[in-house]
Amino acid sequence: MRLVLLGAPGAGKGTQCKNIVNRYRLLHLSSGDILRRERAAGTELGKKAQQYMDSGALVPDEVIIEMMADAIKKAPPAGFILDGFPRTVNQAAALDRALDADGRRIDAVLNLKIDDKVVAGRMTGRRSCPKCGAVYHVENLKPKRDGLCDRDGTTLVQRSDDSPEVVANRLETYHRQTEPLVEYYKNNGTVYDFDADRDPEDVRASIFETLGVLVGT
Ligand code: AP5
């Protein structure tokens, strides 16, 4: 199964991807996580991406397309879920061409719908584990021990692009450059909309119901 997960910053893409990959054994390919790893490792790619990420702008298409094409090649036969990619119509068209060349295609696009006002609060309260990538929230999804990852005990950190000013830019970038993708995929494939302003468990249940129908379980 090859899936794309769309949604504004803070819609819960990373949170729901963890559920989906655990259940369906897909490879989770988050362009944001890959970029953050490159930054932490101090690679040329990471250095190139830094200024864009820090301001809430998109990293140039050519950089991202090459990076994600490499990552997709390593996906297992069970498939993958793309989180944060594609983010422009140009990226989506490049993805379609790359899959087409191998006789593959995107099976479904899951679109998490949420209001800007809700995500602003979510992102300023987000904390994540720099070691395993687990995501928490200071109110909605607390770790068992304050400030420490449940899985490996690492001290949780706040993302540098989760400040209110950068979040506002990221939302503006999303509406201008990424939201048109919903229309793109409605013309090219199957889009499933989900109300993401609900308890994470309820969002998960709706997604599983849809995926269950798709895979026939
Ligand atoms: P990226 O890392 O992809 O960030 P994003 O899309 O802005 O998404 P987030 O990771 O912020 O949010 P999410 O939807 O995953 O929410 P989460 O589950 O964490 O991109 C970062 C940057 O990299 C971009 O700005 C850009 O510069 C660059 N980039 C990346 N991909 C690119 C591309 N393709 N092209 C160009 N540039 C690219 O949840 C958020 C919080 O809410 C958490 O604390 C969570 O616990 C909580 N939460 C989740 N669900 C719920 C719920 N249902 N109810 C209450 N709280 C919830």
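Each value in this text was obtained by applying a stated rule to the coordinates, not by laboratory testing. Bear in mind that the values here come from a model prediction, so they are computed numbers and not experimental data. Here Cβ is always computed from backbone atoms with ideal geometry, including for glycine, and neighbour counts include all displayed protein chains.
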Can you compute the helix-only [θ] at 222 nm over the chain? Use -39500 (n - 2.57) per DSSP H run of at least 4 residues, normalise by all residues, nearest 500 deg cm²/dmol.
-15000 deg cm²/dmol
Mind sorting Val167, Val215, Val59 by how few other Cβ atoms lie within 10 Å of their own Cβ, fewest first?
Val215, Val59, Val167
Please report the equivalent ellipsoid semi-axes of region 1-49, computed as sqrt(5 x eigenvalue) of the Cα gyration tensor, largest first, in whole Å.
24, 13, 9
Whole-Å distance, taken between Cα centres, linking region 11-69 and region 133-195:
12
What distance in nm separates the simple spin-label points at Asp202 and Arg97, each placed 7 Å from Cα in the Cβ direction?
4.3
Assertion target for Phe194, Phe208, ordered by fewest C-beta neighbours within 10 angstrom first, is Phe208, Phe194
Check the straight Cα-Cα distances from Lys117 and name the lysines below 22 Å, setting aside those fewer than 8 residues away within the same chain.
Lys13, Lys142
Lys/Arg +1, Asp/Glu -1 at C-beta; the chain dipole; positive extreme among Ala40, Ile207, Gly7:
Ala40
The chain - Kirkwood radius from inverse mean 1/r over Cα pairs (Å)
17.8
If only Cα atoms are counted, what is the Rg of region 57-130, and what is its Dmax, in Å?
15.0, 42
